[in-house]
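Rule-based calculations on the coordinates, nothing more; no lab input. Keep in mind the model is a prediction, meaning the values are calculated, not measured. Glycine also receives a Cβ, built like all others from the backbone with ideal geometry; neighbour counts cover every protein chain displayed.
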Amino acid sequence: MKFSDETLLAYLEGSLDEVEARAVEDAVVDDPVLETRLMTLDPFVPVVQQVFEQVPAAVPQVDLPEPQPVRAATGTGPWRLLGVAASVAVIAVSATVWATRPAELGWAQQAAIYQSLYVPDTIASLDRSAPNLDMQFAQAEAQLGRSLNREVLEALPGLDLKRAQVLSFKGKPLIQIVFANAQGQPFAFCVIRQGDAAPNKDVNQAVLSGLATATWAQDGYGYMLLGSDAQTDLGDELTVLRDVFTG
Amino acid sequence: MELPEAQRETVMLVFVEGYSYREAAAMLDVPIGTIMSRLSNARQKLKTVMQHDKTDTVRRSGK
């Protein structure tokens, strides 16, 4: 089904009836282009972003800001009113969105953001001599309190083990093991010690920060496999690692 | 007026951090329809807040 910009704006405004709105939402599930159009047309994106550009990260805004133009609210009708209102409503919006308490990302999102910064040159010249890897794995396993099954990691087909690095997320040890695939592109496997109270979670595959990922949790540890890009097929590695890292 | 935590979290991911609906859905482990529904509800609340604030401003200025 095709939707006009007017229909999409009506959806964003909340003026479509329930059936029409559901039709848009159902269509977005299988249509990334429609999703992009909706996000581009959404008048609230620049309004909320304006709020976050003006409000300090940790200090609540007190004074009303100077009126500023709003990019997506230059038309007529309700959105014009919205645009005018937006310029004087920064305080109200920031209070509503609770601007001084940005949403916290979980360990997997943070790890994906970090890994997305890797390029082939990041790993091309790493010292992967046996003594160096011995030391890295000893440190990592001591922090985690469990084996990383290095022999399994070194035998993953098509991947060249490059480094095990100790990181931390909210005081919990987070180990990032980096590989290069056949094209020299970075590939990673992360393990975090979450604690005995952490629930087990089945494998969830998603694209995070532009990388194909698979995450799961078992017996107090969280695991994450990160591909080189959004299209990476993680199937083979996931099968092996899921078998080995079950507790 | 504050947004419920789930709506605020979704608004932050999509409007502020620029994640797509499906990326936000994956990150929050909910269906994409839930993301869109949360954003729709958040838009209505934000619109109400902004229109209310506009009315107050006009009233204070005596126009």
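Okay, residues lined up against (1) surrounded by fewer than 16 Cβ atoms within 10 Å (Cβ to Cβ); (2) of a type in the set (D, E, K, R); (3) over 23 Å from A:ALA230 (Cα atoms):
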site: A:SER147; (1), (2), (3): yes, no, yes
site: A:ARG150; (1), (2), (3): no, yes, yes
site: A:ASP160; (1), (2), (3): yes, yes, no
site: A:SER168; (1), (2), (3): yes, no, yes
site: A:PRO173; (1), (2), (3): no, no, yes
site: A:PHE179; (1), (2), (3): no, no, no
site: A:GLY184; (1), (2), (3): yes, no, no
site: A:GLN194; (1), (2), (3): no, no, yes
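Residues that are touching a residue at least 40 places away in the same chain (Cβ under 8 Å) and within 12 Å of chain B (Cβ to nearest Cβ) were ranked within the range A:201-231; the one that is farthest from the chain's Cα centre (by Cα) is A:THR215.
For the range B:1-31, a tally of residues being surrounded by fewer than 15 Cβ atoms within 10 Å (Cβ to Cβ) and within 7 Å of another protein chain (Cβ to nearest Cβ) returns 3.
If you go through the range A:142-157 and pick out every residue that is of a type outside the set (S, T, N, Q) and free of Cβ contacts under 8 Å to residues at least 60 places away in the same chain, you end up with 8.
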